[in-house]
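To start, the structure itself, in C-alpha cells.
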Amino acid sequence: VISDQPPSANDYIHIKASDVERYSYVKRSLGRAISNDELFIELQPQYDGLNNVISSEVLLRWNHPHLGVVNPAEFIPIAEENEYIAEFGLWVCNEACKLLKDCQTQHIDTKLSINISAKHLARADFVGKFLAIVNKWQVPHESLTLELTEGALIRGVSIIQYRVRELAEQGFSLSIDDFGIGESNLNYLQDLPIKELKVDKVFIEAMEGSEQKTLLVTSICNMAKALHLNTVAEGIETTGQLDQAKACGCSAFQGFYLDKPMSISDWRDRLGH
Ligand code: C2E
Ligand code: CA
Ligand code: CA
Ligand code: CA
C-alpha cells in the first residue's frame, strides 16, 4: 500500500521487502528532500593534459535520513518520472552558481559543469528559471557547461535542439555526456552549437587490451578535432588508462585515478585555496 504520508523510520523496515516497495519509498521521500535539506553536491575536477584543473563536474547527492547517501543512478530516474527533476536541477544550478560566485569573490578562476536532464530541459519554463538563478548570482555564462546525454538530443528532437541553441546563444557551453553509448546520430554534432564530447567510461575501460577500442577512441577524438570540439575522457581509473586516453588525443581527463568526487571544502583545498 502506497501512502501519501511522508516516510518514517518504520517504513525502512519494509523497504527491504522488494524493489517495488523501495521504489515507492524513495519516490515518497524525494518530495521532501529539498525542504529537509537532504541534498548536497560533490565536485570532481577535470584536468587538461598538463594537469591543470579546467572545470569540475557537479554531482548531486542525497543524504536520506534512513537510507544514507542514495546513489543518483537510483533516484534521478525516479525524479525524472515525477516533477522533482526540475526542482532538483534548479537546486543544483543554484548551488553551482553560489559556489562560482564565491570563487569569483576570492579571485579563484574556475568553471563548473552541471548535468541537466532532458526532461527538465524540455520544459517551457527551463530557460527563464535557469537564467534567473545564474543572473541572481552574477555568474558569467562562460563559466558554466551544461552536460546533456546523447540520447536526449536524438530522441528529444526539436525542442531539445531549440534549447541547446538558445543556451549557446546565451554563452553557456554545451557538452554531450556518455558519448558513444546507445544510439548515435552524428548529424547533430555538426548542426548544433556543441563544445565538448565526454567519451563514456565504457570505452576508456575497454581500451586496455583492445587495439580496436583504442582505435575507436582515437577516431572519436579526430572527428571531434575536425569539428572543433573538446573531448573529455571519463572514468579514468588507472595511470595506464590516462596514458592511453592522452595517446588517443583526448583533450581532458576525469576519473577516480585523478580525483574522486569530493566535498566542497576538499575541492577548495584541491584547487589550492
Ligand atoms: P555521469 O554524468 O556520467 O557522471 C559520472 C559518474 O561516474 C558519477 O557517478 C561519478 O561519480 C562516476 N565516476 C567518476 N569517475 C569515475 C571512475 O573513475 N570510475 C567509475 N566507475 N565511476 C566514476 P554518480 O555521481 O553516481 O552519478 C551517476 C549519474 O547520475 C551521472 O552520470 C548523471 O547521469 C546523474 N547525475 C548526477 N548528478 C546529477 C544532477 O545534478 N542532475 C542530473 N540530471 N543528473 C545527475
Ligand atoms: Ca555528466
Ligand atoms: Ca558521463
Ligand atoms: Ca552516465
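Shape call for segment 150-273 from the C-alpha gyration tensor, a ≥ b ≥ c root eigenvalues: rounded (a/c under 1.5), prolate (a/b greater than b/c) or oblate? It comes out oblate by the Cα gyration axes.
Projected label points at Arg22 and Glu208, each 7 Å from Cα along the beta carbon direction, are separated by 2.7 nanometres.
Using the Cα gyration tensor of segment 90-211, with a ≥ b ≥ c the square roots of its eigenvalues, what is the shape: rounded (a/c below 1.5), prolate (a/b larger than b/c) or oblate (neither)?
Details: a/c = 2.33, a/b = 1.39, b/c = 1.68.
It comes out oblate by the Cα gyration axes.
The modelled label-to-label distance between Ser158 and Gln190, using points 7 Å beyond Cα along the C-beta direction, is 2.2 nm. Once the chain from Ile181 to Thr238 is taken as fully extended at 0.36 nm per residue, the excess over their C-alpha distance is 18.4 nm. Taking Gln254, Gln190, Gln138 in turn, the Gaussian network model of the chain (Cα-Cα springs below 10 Å) assigns the largest fluctuation to Gln190.
Filter Lys101/Lys260; Lys98/Lys119; Lys111/Lys198 down to the pairs with a C-alpha to C-alpha distance above 18 Å, please. Pairs exceeding 18 Å: Lys101/Lys260; Lys98/Lys119.
Arranged from highest to lowest average of other beta-carbon atoms within 10 Å per residue, in what order do the peptides 208-216, 83-91 appear?
83-91, 208-216
Within the listed set Ala245, Ala206, Ala226, the residue fluctuating most in the Gaussian network model of the chain (springs between alpha-carbon atoms under 10 angstrom) is Ala226.
When DSSP assigns beta bridges and you keep just the ones with both residues in the chain, what percent turn out antiparallel, to the nearest 5?
On the way: 15 of 36 bridges.
The antiparallel fraction comes to roughly 40 percent.
Taken along its three principal axes, the alpha carbon spread of the chain comes to 55, 44, 43 Å, from the longest extent down to the shortest.
Between segment 172-212 and segment 70-148, the C-alpha centres lie 22 angstrom from each other. Model label points for Ala122 and Ile108, set 7 angstrom from Cα along the Cα-to-Cβ axis, are 3.7 nm apart. Whole-Hz Karplus values for segment 164-181 come out as 4, 5, 4, 5, 5, 4, 7, x, 7, 8, 10, 10, 9, 7, 6, 4, x, 9 Hz, taken residue by residue from phi with 6.51 cos²θ - 1.76 cosθ + 1.60 and θ = phi - 60°; glycine and proline positions read x.
Using only side-chain charges placed at the Cβ, +1 for Lys and Arg and -1 for Asp and Glu, the dipole size of segment 68-189 relative to its Cα centre rounds to 360 debye. Here the Karplus relation 6.51 cos²θ - 1.76 cosθ + 1.60, evaluated at θ = phi - 60°, turns the backbone of segment 194-201 into coupling constants of 9, 9, 8, 10, 9, 6, 4, 5 Hz, with x for every Gly and Pro.
Please work out the FRET efficiency for the pair Arg270 and Asn63, using the Cβ-Cβ distance as r and a Förster radius of 22 Å; give the result to the nearest 0.05. Show your work: numbers first, answer last.
Numbers: r = 22 Å, r/R0 = 0.99.
For R0 = 22 Å, the calculated efficiency reads 0.50.
Over the residues of the chain, the helix contribution to mean residue ellipticity at 222 nm works out to -14000 deg cm²/dmol, using -39500 (n - 2.57) for each DSSP H run of at least 4.
From the Cα gyration tensor of segment 234-273, with a ≥ b ≥ c the square roots of its eigenvalues, which class applies: rounded if a/c is under 1.5, or else prolate if a/b is larger than b/c, or else oblate? Could the numbers behind the result be given before it?
Details: a/c = 3.20, a/b = 2.29, b/c = 1.40.
It is prolate, given that a/c is not under 1.5 and a/b is the larger ratio.
Sorted ascending by nearby beta carbons within 10 Å, beginning with the fewest, Val26, Val164 become Val26, Val164.
Laboratory data are not the source of any read-out in this text; all were calculated from the coordinates shown. Note that this is a predicted model, so its numbers are computed, not measured. Positions of Cβ are generated from backbone atoms using ideal geometry, with glycine treated the same way; all protein chains shown enter the neighbour counts.
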